[in-house]
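All remarks here apply to the structure that follows.
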Amino acid sequence: MIDPAISALFHNLDALTGRGLWLADENVEPMKLPNLTLDLVSNRYDLVTSFNALNKKNEQVTAALHDFDLEKIEQGAYDYVLLRAPKSKILQHYLVHVAQMALKPAGKIIVTGNNDEGIKSLIKNLEKWCAGHAEGELLGKGLRYAAITVGDAAEFETPKRVAEYNVIHTLETENGVQFTSKPGVYGFDKIDSGSAFLIETLTKTKAPIKGNVVDLGAGYGYLSVMLKAHFEFDSIIATDNNITAITCCEQNFAQNGVEGEVLIDDCGSTILDRSAHVVISNPPFHQGFSTSTELTEKFVNRAKALLKFKGMAYFVVNRFIGIEEWIEKAGLKSECLAQNGQFKVLAMRI
């Protein structure tokens with residue numbers, strides 16, 4: 001189901017004249033567009049590929065995959081920018097700055113979101129940052145729409161957290177293993193405690209990690225790097241949907257001496273079925289502001305498809321996630337290897 005705040009971006013088609021830019025983060029779902037001239041930019045592989053497929057007959061619509069890189073976005077070229085309020089304040093401030101740079105004089109920022117997500121504060125800030133004026137509507141149940149016409153660019157203010165988006169973070173484990181990360185990657189500023197619990201469980205139980213390994217939803221590569229530090233196996237493929245995560249993962253493989261493949265795709269969709277002896281994952285259960293059982297189900301089903309006969313999948317999830325339901329529906333057998341106050345580790349096999 002498409003987020004109502006996404007549909008609301010197209011609430012007033014009369015405001016969407018000329019050339020538009022859609023800055024699309026994890027909240028956005030693929031959709032077929034009305035007759036618009038629009039360039040979508042996202043750091044999500046699945047969104048860009050699906051968006052291009054759905055709109056392939058419309059030559060006025062394009063989609064590009066990158067980390068919202070200002071050098072790859074034409075400046076002063078757009079009549080309007082679409083923005084569904086992001087969850088991350090750092091990303092929110094950075095994307096507003098991208099919009100400021102991309103818009104023509106007197107261009108518009110079309111923004112939507114819900115009251116409990118801070119949309120009212122964002123609209124007020126947009127008027128301040130862009131020396132502009134907002135025309136807004138309450139569309140029901142706390143959902144707000146606003147079109148901010150920007151003022152003189154000489155009077156723009158840079159949102160205060162813009163510079164943080166491109167800051168490179170160095171994370172370090174207790175054993176001195178270092179990782180590179182940045183905003184735009186989920187959990188960019190920490191070593192995920194669930195992932196750490198999965199590695200701890202696999203080492204304590206002496207899990208049979210061997211052959212070909214696939215890391216689904218690898219993020220910046222923590223599981224892959226730590227698995228290679230504790231086990232000997234033939235090969236590893238780390239895959240993620242987020243181009244920013246993939247860039248960090250490549251760096252972390254290189255700096256930690258991990259020989260393997262880092263692959264951007266949608267939940268291992270381009271990896272050969274029945275090719276993995278082992279699948280590891282800390283699957284996502286959030287998409288933007290919402291939790292998503294569909295994501296959990298997707299990762300379970302893909303793990304099943306990837307596993308060789310007698311292969312094993314090891315997942316760590318929050319204890320409240322009812323992953324057992326999806327494991328059973330997929331026809332997999334499972335065992336809980338460990339749990340603590342927050343997480344549980346499950347082993348699955350065909």
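Descriptive notes on the structure:
- Restricting the range 77-92 to residues that are in contact with a strand residue (DSSP E or B) (Cβ under 6 Å, 6 or more places away or on another chain), not in a loop (DSSP other than H, G, I, E, B) and not acidic (Asp, Glu), the residue that is surrounded by the most Cβ atoms within 10 Å (Cβ to Cβ): Arg84
- Boolean, Lys120 is without any contact (Cβ under 8 Å) to a residue 24 or more places away in the chain, closer than 15 Å to Arg144 by Cα and out of contact with any helix residue (DSSP H, G or I) (no Cβ under 9 Å at 6 or more places or on another chain): no
- For the range 246-259, the candidate set comprises residues that are under 22 Å from the mean Cα position of the chain (by Cα) and in contact (Cβ under 8 Å) with a residue 40 or more places away in the chain; within that set, the residue that is surrounded by the fewest Cβ atoms within 10 Å (Cβ to Cβ) is Gln251.
- If you filter the range 130-163 down to residues that are buried (at least 16 other Cβ atoms within 10 Å of the Cβ) and under 25 Å from His66 (Cα atoms), you find that the one that is farthest from the chain's Cα centre (by Cα) is Cys130.
- Residues of the range 16-50 that are more than 22 Å from Gln92 (Cα to Cα) and part of a helix (DSSP H, G or I): Thr49, Ser50.
- Qualifying residue in the range 44-51 (condition: surrounded by 15 or more Cβ atoms within 10 Å (Cβ to Cβ) and of a type in the set (S, T, N, Q)): yes
- Yes/no for Glu74 being surrounded by fewer than 18 Cβ atoms within 10 Å (Cβ to Cβ), among the acidic types (Asp, Glu) and within 23 Å of Glu157 (Cα to Cα): yes
- Looking across the range 14-29, the residues that are modelled with pLDDT under 95, under 22 Å from the mean Cα position of the chain (by Cα) and surrounded by 19 or more Cβ atoms within 10 Å (Cβ to Cβ) come down to Asp25, Glu26, Asn27, Val28.
- Residues being in contact with a Lys or Arg (Cβ under 8 Å, 6 or more places away or on another chain), assigned to a loop (DSSP other than H, G, I, E, B) and free of Cβ contacts under 8 Å to residues at least 40 places away in the same chain - total across the range 52-76: 2
- Filter pass, Glu155 being more than 25 Å from Lys89 (Cβ to Cβ) and acidic (Asp, Glu): no
- Considering only residues in the range 260-284 that are of a type in the set (A, V, I, L, M, F, W, C) and farther than 18 Å from Leu47 by Cβ, the one that is surrounded by the most Cβ atoms within 10 Å (Cβ to Cβ) turns out to be Ile280.
- Tally, over the range 304-350, of residues that are crowded, with 17+ Cβ neighbours inside 10 Å, of a type outside the set (Val, Ile, Thr) and assigned to a helix (DSSP H, G or I): 4
- Phe68 being closer than 21 Å to Leu122 by Cβ, under 20 Å from the mean Cα position of the chain (by Cα) and modelled with pLDDT of 90 or more: yes
The values are calculated or read from the model by the stated rules, or taken from the named source; none is laboratory data. Fair warning: this is a prediction, and the values are worked out from it, not measured in the lab. Positions of Cβ are backbone-derived with ideal geometry, glycine not excepted, and every protein chain shown enters the neighbour counts.
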